[in-house]
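Trainee: Pasting a structure below so you can have a look.
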Amino acid sequence: MDCNIVVLAGQLAAAPEHRVYPGGASLMRLLVTTRTTGPRRRVDVIPVTCWEPPQDLLDARLDRGRRVFVVGSTQRRFWSEGGRRSRIEIVAHDIQARPLG
């Protein structure tokens, strides 16, 4: 049995990017920073894609440093830009932002 489930808890590295394409599809892209302290200190910035984000997420103040929780799956995306390129990203099924305050 195959399984592709990712759970992230981290902070936004930057404010999200939101696009609406001519066909009507809506896409939100986020960069989530996760930190590990041991045994080796490490910081990762993980790209997250959310298709058709819910309105409450679009209305939330998602500034740099805001804590978020993401549930999704890993996807490798390919494109051609001066040769074949690829990127691994998380496709979010659910994103929750921690309340401010």
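Trainee: Among [x] 16.8; [y] 14.8; [z] 13.6, find the value of Kirkwood radius over Cα pairs in Å that was calculated from the structure presented, and write down its label.
Mentor: The value matching this structure is [y].
Trainee: Could you tell me what percent of the accessible area of the chain is made up of carbon and sulfur, with a 1.4 Å probe and every protein chain present?
Mentor: Details: 3580 of 7190 Å².
Carbon and sulfur atoms account for 50 percent of the accessible area of the chain.
Trainee: Considering only DSSP beta bridges whose two residues both sit in the chain, what percent are antiparallel, to the nearest 5? Mind dumping the intermediate values first?
Mentor: Numbers: 35 of 37 bridges.
Within the chain, antiparallel bridges account for around 95 percent of the total.
Trainee: Let me ask something else. Under 8 Å for C-alpha pairs, at least 6 residues apart: give me the relative contact order for the chain, rounded to a whole percent. Don't skip to the answer; put the middle values down first.
Mentor: Numbers: 206 pairs, mean separation 29.9, N = 101.
It comes to 30 percent, rounded to a whole number.
Trainee: So if R0 is 25 Å, what FRET efficiency would Thr34 and Arg77 give, r being the distance between their Cβ atoms, rounded to the nearest 0.05?
Mentor: Numbers: r = 20 Å, r/R0 = 0.81.
Between Thr34 and Arg77 the formula returns 0.80.
Trainee: Could I ask something else about it? Label Arg85 and Arg64 with points 7 Å out from Cα along Cα→Cβ: what is the distance between them in nm?
Mentor: 2.2 nm
Trainee: Next up: Could you give the dipole magnitude of the chain about its Cα centre, charging the beta-carbon of Lys and Arg +1 and that of Asp and Glu -1, in debye to the nearest 20? Intermediate results must be reported in sequence, preceding the final value.
Mentor: On the way: 16 positive and 10 negative charges, 120 e Å.
Charge dipole, the chain, about its Cα centre: 580 debye, nearest 20.
Trainee: Here is a further query. Hey, can you grab everything whose amide H is under 5 Å from the amide H of Arg66? Only 5+ residues off in sequence or another chain; H modelled, so Pro and N-termini drop out.
Mentor: Correct list: Leu12.
Trainee: Also, quick follow-up: Testing the spin-label approximation: label points 7 Å from Cα along Cα→Cβ at His18 and Ala97. State their distance in nm.
Mentor: With each label placed 7 Å out from Cα toward Cβ, I get 0.9 nm.
The values are calculated or read from the model by the stated rules, or taken from the named source; none is laboratory data. These numbers come from a predicted model, not from an experiment. As a convention, Cβ positions derive from the backbone with ideal geometry for all residues, glycine included, and neighbour counts pool all protein chains shown. Remember, those area values only see protein heavy atoms, side chains included, never the ligands or the DNA or RNA. Shrake-Rupley method; radii C 1.70, N 1.55, O 1.52, S 1.80 Å.
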